[in-house]
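Colleague: Pasting a structure here, questions to come.
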Amino acid sequence: MKKYILAIANTAIAAMLLTGCEKKIDEAYANPNADVRVPVEKLLPPLIATMAANAAGHGPLNDIRFAGKYVQNFLFCNSGGQYDQMGGTIGASDNAASLWRIHFYDIGQNCNNMIKWAIEDGKYDYAGAGKAILAWSWLQLSDYHGEVITTSEAFNSSLLTFRYGTQEEVYNHVRGLCHDAIALLSRTDGASSQANLALGDQYFYNGDAAKWKKFAYAVLARSFNHLTNKAIYNPDSVIYYCDRAITSNADNGMVQFANTGISGNANFFGPLRGNLGSTAVGTETAIRQSAFIANLMSGANNAFLGVADPRAIYLLRLNANGTFKGLQANKGQTVITANDRPENFHGISQTAGVNNTSPANDNNCRYIFRNGSPLPVITASEVMFMKAEALFRMNNKAGALAAYTTAIDLNFDMLQNTFSTNVPGGSLLTPGIKATFLANTAVVPANANNLTLTHIMLQKYIALYIHGALETWVDMRRYHYTDVDENTGQQVYRDFVPPSGTDLYVNNSGKLVYRVRPRYNSEYVWNLNELNRIGASALDYHTKRCWFSEP
């Protein structure tokens with residue numbers, strides 16, 4: 001017994017000695033891998049990178065490979081893929097959980113420290129940018145996963161397990177962060193300056209605080225626009241924040257890439273990083289455009305029947321027959337006649353079978369599939385589509401038509417000015433081509449009373465194609481994929497066909513997907529009791545509808 005008492009006493013004495021020496025030890029042996037306090041100018045660049053996909057491969061683009069199949073932006077080149085079937089992630093996998101990782105790890109304390117240190121240094125613009133990024137991340141995280149770790153505990157490093165809060169709490173927190181961001185970005189005192197902010201903001205807004213404010217307003221607009229099914233929905237708030245948000249392509253929030261030939265600083269979807277090459281069913285990264293988007297842009301969709309969209313060559317790939325075709329959910333490309341199979345997104349022919357080899361260069365790659373292509377995060381076109389929907393719901397059809405037309409116009413200009421590289425010369429967009437398209441009354445009705453929700457939501461679908469797939473998924477869940485527009489008696493998303501029968505994932509119990517489960521290696525390993533409390537251990541948890549999509 002005495003030796004145990006002695007051991008305890010010695011341990012207590014050692015603890016007291018260590019406590020007394022702690023400050024001196026910290027000073028003498030600082031972390032050799034990083035300064036104790038990192039300049040905020042060095043913290044902002046990796047935070048911006050996470051808004052696309054950082055060097056480690058984590059960010060929205062990683063998860064878009066999976067969730068993009070739920071909205072049929074694209075589908076798996078083989079049959080049998082669970083995400084094509086609207087299935088959820090199963091087993092000990094972190095697939096489709098990259099947003100969770102960036103929010104709680106890559107952004108998390110790094111962003112909180114940047115905000116804290118920036119305020120201490122009087123660099124209020126850095127603090128404002130940090131708050132805007134946190135707001136964007138919280139909103140996207142909760143819209144993607146539903147209930148998440150409560151905002152009051154999320155970054156508490158003294159906890160080992162974490163309580164989950166409601167999505168409504170997250171929305172309120174997002175709005176508070178946005179207003180804080182706008183206030184901080186409006187300050188002109190202290191050490192705020194465009195030149196200094198540009199040191200850390202080289203790849204987003206180049207130090208322009210006014211553009212960061214517009215970004216925060218756009219996040220606010222999204223948060224109000226998502227609530228169309230609820231009694232608290234207020235279209236006036238959507239319009240108010242849209243008018244203060246990104247209304248010009250010059251203000252688009254886009255992550256830029258240095259693209260120096262190093263994989264980590266190139267676009268996640270470019271051939272250099274090789275993220276679209278696997279054919280394994282469990283990975284499902286080899287993707288092809290869907291029949292839904294191909295029909296929508298080639299004139300085969302009943303909403304725009306006979307209208308060949310001149311933007312198609314920018315976004316989609318042709319086949320050997322020179323036409324735009326795509327895949328159906330859970331069918332793969334082998335059921336399509338060889339010459340009708342679309343090239344993959346890196347421009348490689350599929351006539352001889354499944355070919356996912358990454359090309360040596362991106363000379364035949366377009367849109368966001370080039371190594372140096374910027375990644376749109378929020379655009380003026382999206383903001384104007386939100387405004388159009390809000391005005392439509394207020395029964396201001398004339399205002400809605402004007403906003404809708406402007407939204408399409410802005411998307412044309414963004415594609416023409418930013419994504420024309422490697423588009424065949426004879427297919428390049430011009431002001432005349434755009435004018436002809438906008439004059440087509442099948443697309444832009446001559447009479448505002450003929451405008452429908454289908455017009456607005458399908459053209460928004462095109463404008464957000466792939467880069468905005470997560471926001472498109474919010475939209476489609478708001479309309480429960482197949483909701484009917486009471487004014488037309490037709491589906492809002494005309495001709496969209498979710499998987500059913502044996503093409504719907506077996507664990508869905510006949511229901512469609514509405515959320516992605518939390519990240520396995522943080523939550524199901526360490527926080528299982530809380531997941532059990534909210535029902536996240538159920539095999540069909542991914543079919544539970546999110547708060548924003550319900551009345």
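Colleague: By count of other Cβ within 10 Å, fewest leading, how are Ile433, Ile149 ordered?
Modeller: Starting with the residue having the fewest Cβ neighbours, the order is Ile433, Ile149.
Colleague: Using the Kirkwood formula on the Cα atoms of the chain, what hydrodynamic radius do you get, in angstrom to one decimal?
Modeller: 24.6
Colleague: Can you compute the radius of gyration and Dmax for the stretch 64-218, using only the Cα atoms, both in Å?
Modeller: Final numbers for Rg and Dmax: 18.0, 59 Å.
Colleague: Using Cβ counts within 10 Å as a stand-in for footprinting exposure, how do Cys365, Cys546 rank, fewest first?
Modeller: Ascending Cβ contact count within 10 Å gives the list Cys546, Cys365.
Colleague: With equal scatterers on the alpha carbons only and no solvent term, can you work out the Debye log10 of I(q)/I(0) for the stretch 290-491 at 0.07, 0.09, 0.18 1/Å?
Modeller: Per q value, in the given order, log10 I(q)/I(0) is -0.21, -0.36, -1.38.
Colleague: So if we plug the beta-carbon distance of Ala446 and Ala231 into 1/(1 + (r/R0)^6) with R0 = 35 Å, what FRET efficiency do we get, rounded to 0.05?
Modeller: Efficiency, rounded to the nearest 0.05: 0.50.
Colleague: So what's the projected area for the stretch 361-453, the Cα convex hull averaged over all directions, in nm²?
Modeller: Average projection, Cα convex hull of the stretch 361-453: 6.7 nm².
Colleague: May I ask for the net charge around Thr351, where only other residues with Cβ less than 14 Å from the Cβ of Thr351 are counted and Lys, Arg are +1 while Asp, Glu are -1?
Modeller: Summing Lys/Arg as +1 and Asp/Glu as -1 gives +2.
Colleague: Work through the residues other than Ser193 whose Cβ is under 13 Å from its Cβ and net out their charges, Lys, Arg +1 and Asp, Glu -1.
Modeller: Net charge around Ser193: -4.
Colleague: Find me the longest stretch of the chain that has none of the exposed GluC sites (Glu not before Pro), where exposed means in a DSSP loop (not H, G, I, E or B) with at most 14 other Cβ atoms within 10 Å.
Modeller: 154-485
Colleague: Is it possible to state the helix-based mean residue ellipticity at 222 nm for the chain, with each DSSP H run of 4+ residues giving -39500 (n - 2.57), the sum divided by total residues, to the nearest 500 deg cm²/dmol? What is it?
Modeller: Only helices count here, giving -12500 deg cm²/dmol.
Colleague: For a quick check: sort Phe224, Phe385 by the number of other beta carbons within 10 angstrom, fewest at the front.
Modeller: Going from sparsest to densest Cβ surroundings: Phe224, Phe385.
Colleague: Per residue, what volume in Å³ does the convex hull of the Cα atoms of the stretch 273-390 enclose?
Modeller: Per residue, the Cα convex hull of the stretch 273-390 comes to 148 Å³.
Just so you know, all these numbers are worked out from the coordinates, no wet-lab data involved. Values in this document were obtained by computation on a predicted structure and should not be read as measured data. A quick note on method: Cβ atoms are made from the backbone with ideal geometry, for glycine too, and the neighbour counts reach across all protein chains shown.
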